[in-house]
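**Student:** One structure coming up, written as structure tokens, with questions to follow.
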Amino acid sequence: MRIAPTFNVAYRALRRNKMRSVLTALGIIIGVGAVIAMVGIGNGAKAQVEAQIASLGQNVILIFSGSTTSSGIRTGWGGAGTLKIEDAEAIRREVPGVIGVSEEVVSTTQVAAGNQNWFTRIFGESADYFDIRQWPLADGAPFTPQDVRSANKVCVIGRTTATQIYGNENPIGQILRIKNVPFTITGVLTPKGLSPQGVDQDDIVVMPYTSAMKRVIGGTTLRNINVQIGDARQVEAAQQQIMSLLRQRHNIRAGRDDDFTVRTQQEIAEAATATSRVMTVLLGAIAGVSLLVGGIGIMNIMLVSVTERTREIGVRMAVGAHGNDILTQFLIEAVTLSSIGGVIGIICGIAASRVLSIYAHWPTLISISSIAIAFLFSAAVGIFFGFYPARKAAALDPIEALRYE
Amino acid sequence: MRHEKNISMKNGALVRLIDVHKVYHTGEMEVPAVRGVSLEIKRGEFVALMGASGSGKSTLMNILGCLDRPTSGHYLLDEADVSGLDRDQLADIRNRKIGFVFQNFNLLPRTSARENAELPLIYSAQRLSNTQLRERADRVLNSVGLGGREDHHPSQLSGGQQQRVAIARALINEPEMLLADEPTGNLDSRTSVEIMAIFQQLNERGITIVMVTHEQDIAAYARRNVIMRDGMILDDRAVSQRADATAQLKASLAAGALAKEATL
């Protein structure tokens, strides 16, 4: 009914006690700022992990060779050598929706060129690999399906390997000796940075899996098969079909365990982001505690203010203020303090996370929703912690209040 | 009763107290503060309510000011029974019909004279723009002799000036009745006379004033003295030799000028 003048009254009262108002708001500023910055850091970390998972490629299904037990020693995933090249071909042939398959073998070895050498990872892949992992070349050309069929001595190298062996020289067309086999470098991959596990993904040599199996690693089985599905909605069905296809091909009877493992990118992403989600919640909760402390600060100051201004309340009531007018006045004071603190806190939080990402190189991500939630929460803190003192003020008896010393 | 009410309407009584009692409960004790007061105050009267402390005059004042409700009996203000109204209704009555002046001024600290005077308008049912608020506050401040001091804070004003701000605040809503509780209690004698001069001028203009005081010479500025003891009215009489504050001020001014001339 009389909101506008009451706003004015509350505003004047806050201005009368500038220092106190600023200090009270500071509690909320720190609380909201901390929430914004902490959630920003958590979300940034989560977004980074998600980006790294996405760098595995879109709609990818990974099939790992199973574990085997030999003389009581279990080899772990990929150790059993149960996946054959023919399995990959069968998937390419029989599973609907498949748009790319890459047979993968992996090894680590010493590579050399001229007087330089470097210990790096060798990935044997099909020509689909670069599409599946959405990993374009920075320079040169990838190897071709023909290179794969002929097991040609060609390879593509990552940025780290290129720098370590060739420095600033252009590596394309150069010869790289891998286990004394000369490979011609056809291209350099775009840098991808660290994997979710912290491995430098650019420290790599990618070659046709046929060349890797025949000339570098030896062996006849695949460590894993990367499969890409065209449509996200088909991923689950394809996963089921791959499982039944492989069980059938490997002659696994019903009731026996698979000798392979099928993981979708989705499952991997969920596992990886679970950690950062927990971190976000934890950081947010810790920052939330400081917001709570800020709220208690508001309540404390409002209680002091009500006591201190008992006579003022008495005068206001004597000249016609209703209990509700007094309640509204003190509520508005509390909410104004907390929302101004909230706005400044949001600005400080954004600034703090900018500083962190610039100087500490932490990825931060501030969403509109976290800003909106922080603001509404700070206003709610004002209402929640302002209500008790405001109600106390509104319930005062005018005669007692006027007589208060 | 009906007969009496008709009379009151005819003769224009502003205040009618009919057998008003007020009992305070402190623990299990019942403390009677007002014990059967019947009083009638007509429009345009200037009443001094007197009595020793504990005589019940403050309680009666609170009832008259609609700050408190009688335990029993009736209070008719402006011909409407206000003894049964709730908190908010009483607040509205206070806002519209009563202006308060307190012993300790009760101004809002660190707030300008203008903003202090505006206070009742903020809680008034009529909606005024900020400019209208300002104009009315300035006009009423000017009428109590505070023109040019609208922006002064209470700490920058003398006691007499602060009490004038309080009077301006009491007058801004054009109330039926001015209630003053020991208005000169915190003022020196000269400033007291100045405040009484304002009261007498306001009364000349038709404003009803009820003033609590325990000082005989202050009560002499009123037209009627009501004396209380033990919660009851002991005496109710017209002031025979009324003191004229304006004339006293003029005389003392002249005497001052004379004294000045003598020293020269």
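What follows draws every value from the coordinates through simple rules; no lab data is involved. Owing to the predicted nature of the structure, the values given are computational and were not obtained by experimental measurement. All Cβ positions, even for glycine, are placed from backbone atoms using ideal geometry, and neighbour counts span all protein chains on display.
**Student:** Would you calculate, for chain A, the mean residue ellipticity at 222 nm contributed by helices, counting each DSSP H stretch of 4 or more residues as -39,500 (n - 2.57) and dividing by all residues, to the nearest 500? Before the final figure, lay out each step's value.
**Tutor:** Details: 12 runs with 217 residues, N = 405.
For chain A, the value works out to -18000 deg cm²/dmol.
**Student:** Cross-link partners among lysines for A:Lys214, C-alpha distance below 23 Å, same-chain residues fewer than 8 apart left out?
**Tutor:** A:Lys84, A:Lys153, A:Lys179
**Student:** Let me ask something additional. Okay, helix-only estimate at 222 nm for chain B: each DSSP H run of n ≥ 4 adds -39500 (n - 2.57), divide by all residues, round to 500 deg cm²/dmol; what do you get? Each step should come with its number before you reach the end.
**Tutor:** Numbers: 9 runs with 105 residues, N = 264.
When only DSSP H runs of four or more count, the value is -12000 deg cm²/dmol.
**Student:** Normalised radius of gyration for chain A, please: alpha carbon Rg relative to 2.2 N^0.38 Å, two decimal places. Mind dumping the intermediate values first?
**Tutor:** Numbers: Rg = 32.7 Å, N = 405, 2.2 N^0.38 = 21.5 Å.
Relative to the 2.2 N^0.38 Å estimate, chain A comes out at 1.52.
**Student:** Tell me the Kirkwood hydrodynamic radius of the stretch B:146-240 in angstroms, computed as one over the mean inverse distance between distinct C-alpha pairs. Write out the running numbers ahead of the final one.
**Tutor:** On the way: mean 1/r = 0.0689 Å⁻¹.
Answer for the stretch B:146-240: a Kirkwood hydrodynamic radius of 14.5 Å.
**Student:** Bin by bin, in steps of 10 Å, what percent of the Cα pairs in the stretch A:275-318 do you find, going until the bin that has the longest distance?
**Tutor:** Per 10 Å bin, starting at 0, the Cα pair percentages come out as 25, 25, 19, 15, 10, 4, 0.
**Student:** When DSSP beta bridges are limited to those with both residues in the protein assembly as shown, what percentage is antiparallel, rounded to the nearest 5? If you can, show how the numbers build up before the last one.
**Tutor:** Values: 65 of 92 bridges.
Antiparallel bridges: around 70 percent, rounded to the nearest 5.
**Student:** Can you give the angle from 0 to 90° between the axis of helix A:368-394 and the longest principal axis of chain A, with both taken from C-alpha atoms, to the nearest 10?
**Tutor:** The helix A:368-394 is inclined about 20 degrees to chain A.
**Student:** Name the residues whose placed amide hydrogens come within less than 5 Å of the amide hydrogen of A:Gln174, ignoring near sequence neighbours (fewer than 5 apart) on the same chain.
**Tutor:** Residues meeting the criterion, in which the H sits 1.01 Å from N, are A:Ile185.
**Student:** I'd like the mean, over residues of B:106-112, of how many other protein chain beta carbons sit within 10 Å of each residue's own Cβ. Walk me through the numbers on the way to the answer.
**Tutor:** On the way: counts 7, 3, 9, 5, 5, 5, 1.
The mean count of partner-chain Cβ atoms within 10 Å per residue comes to 5.
**Student:** Could you tell me, in Å, what Rg and Dmax come out for the Cα atoms of chain B?
**Tutor:** Final numbers for Rg and Dmax: 19.4, 70 Å.
**Student:** Once the convex hull of the alpha carbons of the stretch A:214-288 is built, what does its volume come to per residue, in cubic angstrom?
**Tutor:** Details: hull volume 14.4 nm³, N = 75.
Dividing the Cα hull volume of the stretch A:214-288 by its residue count gives 193 Å³.
**Student:** What do you get for the angle between helix A:3-16 and the principal long axis of chain A? Use alpha-carbon atoms, 0 to 90 degrees, nearest ten.
**Tutor:** The two axes meet at around 90 degrees.
**Student:** If I fit a long axis through the Cα atoms of helix A:235-249 and take the longest principal axis of the Cα atoms of chain A, what angle between them do I get, 0 to 90°, rounded to 10?
**Tutor:** Orientation of helix A:235-249: about 30 degrees from the principal axis.
**Student:** Additional query: In Å, the Kirkwood hydrodynamic radius of the stretch B:81-146 over pairs of distinct alpha carbons?
**Tutor:** 13.4
**Student:** On to the next question. Starting at 0 and stepping by 10 Å, how many percent of the alpha carbon pairs of the stretch A:89-136 end up in each bin?
**Tutor:** Answer for the stretch A:89-136: a P(r) of 22, 36, 26, 12, 4 percent.
**Student:** Ok, one more. Setting aside same-chain residues fewer than 8 positions from B:Lys22, which lysines have a Cα under 16 Å from its Cα?
**Tutor:** By straight Cα distance, B:Lys22 reaches B:Lys57.
**Student:** Where Lys and Arg each count +1 and Asp and Glu each count -1, what net charge lies around B:Met196 among other residues with Cβ under 12 Å from its Cβ? Please report the intermediate quantities before stating the final value.
**Tutor:** Working: positive: B:Arg190, B:Arg242; negative: B:Glu194, B:Glu215, B:Asp217, B:Asp244.
Neighbourhood net charge equals -2.
**Student:** Ok, one more. Return the tail of the calculated pair distribution for the stretch B:53-178, meaning the percent of Cα-Cα pairs more than 18 Å apart. Each step should come with its number before you reach the end.
**Tutor:** Details: 4349 of 7875 pairs.
Roughly 55 percent, once rounded to a whole number.
**Student:** Cut-off under 17 Å on the C-alpha distance; same-chain residues fewer than 8 positions from A:Lys192 excluded. Which aspartates and glutamates are left, in chain and number order?
**Tutor:** Straight-distance partners of A:Lys192: A:Glu50, A:Asp131, A:Asp139, A:Asp200, A:Asp202, A:Asp203.
**Student:** While we're here: Taking 2.2 N^0.38 Å as the expected size of a compact globular protein, what ratio does the Cα radius of gyration of the stretch B:184-259 give against it, to two decimals? Present the calculation step by step, with values, prior to reporting the outcome.
**Tutor:** Details: Rg = 14.0 Å, N = 76, 2.2 N^0.38 = 11.4 Å.
In units of the 2.2 N^0.38 Å rule of thumb, it is 1.23.
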